[in-house]
Amino acid sequence: MERQRLSLTTVLLLSIPPVLWAGNAIIGRLVRDAMPPMTLNLLRWSIALLILLVLGRAALRPGSGVLRNWRRYALLGLLGIGLYNSMQYLALTTSSPLNVTLVASGVPVWMLLVGRLFYNVPVKGRQIGGAVLSIAGVLVVMCRGSLAELAALRLVAGDLIMIVATIVWSFYSWSLLQKNDVPALRADWAAFLLAQVAYGVLWSAALAGGEWVLSTPQIVWSWPLAGALLYLAIGPAIIAMRCWGAGVQRAGPGISAFFINLTPLFTALLSAAFLGELPQLYHVAAFGLIVGGIVVSAR
């Protein structure tokens, strides 16, 4: 049964990932010419794995369940780490950070559909109403308060890739609720994340290997690229995944999905900050609509 109640702590847990994921989209776009997308994802999660080996040592103990339940953690690693993140970086090679996060704002709709079709979770009227309000807020950001800009918007290959990625993320989020873990492992967030990342790095290595076999990618090393990898490993990877997992367990995937719609808003604000521009009135209106969608869906 999906949980519906939101506390202040849960709201905070689910609000942190959109901020970090907005930075992830911007940095992924900035380093697209310095490192190919699959390799970027592999190195990012390899660094995260090294950190989690220290924080989540419980996953390495005998009887932790990481090997016995390998199918579960391999699936979580494939969906949340191998596929979703690689597809996002691949999308950023042809699309903008704002477009990618805007397309990802369709997650609430996909989350509701996946929950209904594959997990027998009914869709309630307030969730549909919340989705309408939340997506309306995203559209305000997309068109910058102008219908003319909305009409001129065109999808590119990266946007289509991101649509598939959002469906993958929906399955990942619902899979987090399947409680067939060893209790000690489930109670230790770092160990639980390490179990996923360990398998996810293997999937990412396979994708990166295919990238190098099928093309001739190049890596342009620099200190900014090293700093970007460190941020991507700690912020959008470890911290965001920790907060998202805890938030989903508290509120359920259906409600949590609406918080993802904050990502394009934060992306627009961060992009504006890098360009030295001040937030506009339509940002305030979009924020109000998105938060309104969250409140309606969670009542």
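For segment 28-147, what does the alpha-carbon gyration tensor say about shape, rounded, prolate or oblate, given a ≥ b ≥ c as the root eigenvalues, a/c under 1.5 as rounded, and a/b over b/c as prolate?
Details: a/c = 2.87, a/b = 1.31, b/c = 2.20.
It is oblate, given that a/c is not under 1.5 and a/b is not larger than b/c.
Considering Cα pairs under 8 angstrom that are at least six residues apart, work out the relative contact order of the chain and quote it in whole percent. Don't skip to the end; give the middle numbers.
Numbers: 447 pairs, mean separation 129.4, N = 299.
43 percent.
Out of segment 1-64, which trypsin sites (Lys or Arg not before Pro) are coil in DSSP terms and have no more than 15 other C-beta atoms within 10 Å?
R5
Once you've got the GNM for the chain with C-alpha springs shorter than 10 Å, pick whichever of V220, V100, V164 has the biggest mean-square fluctuation.
V220
Cα gyration tensor of segment 90-189, axes a ≥ b ≥ c as square roots of the eigenvalues: rounded (a/c below 1.5), prolate (a/b > b/c) or oblate? Intermediate values should be presented prior to the final figure.
Working: a/c = 2.62, a/b = 1.68, b/c = 1.56.
Prolate, since a/c reaches 1.5 and a/b exceeds b/c.
Which of the trypsin sites (Lys or Arg not before Pro) found in segment 73-137 are loop residues per DSSP with 16 or fewer other Cβ atoms within 10 Å of their Cβ?
Values: sites: R116, K124, R126; in loops: K124.
Filter output for segment 73-137: K124.
Where a number appears in this text, it was derived from the coordinates with a stated rule and is not lab data. Just so you know, these numbers come straight off a predicted model, no measurement behind them. With ideal geometry, Cβ positions are generated from the backbone for all residues, glycine too; neighbour counts draw on all protein chains shown.
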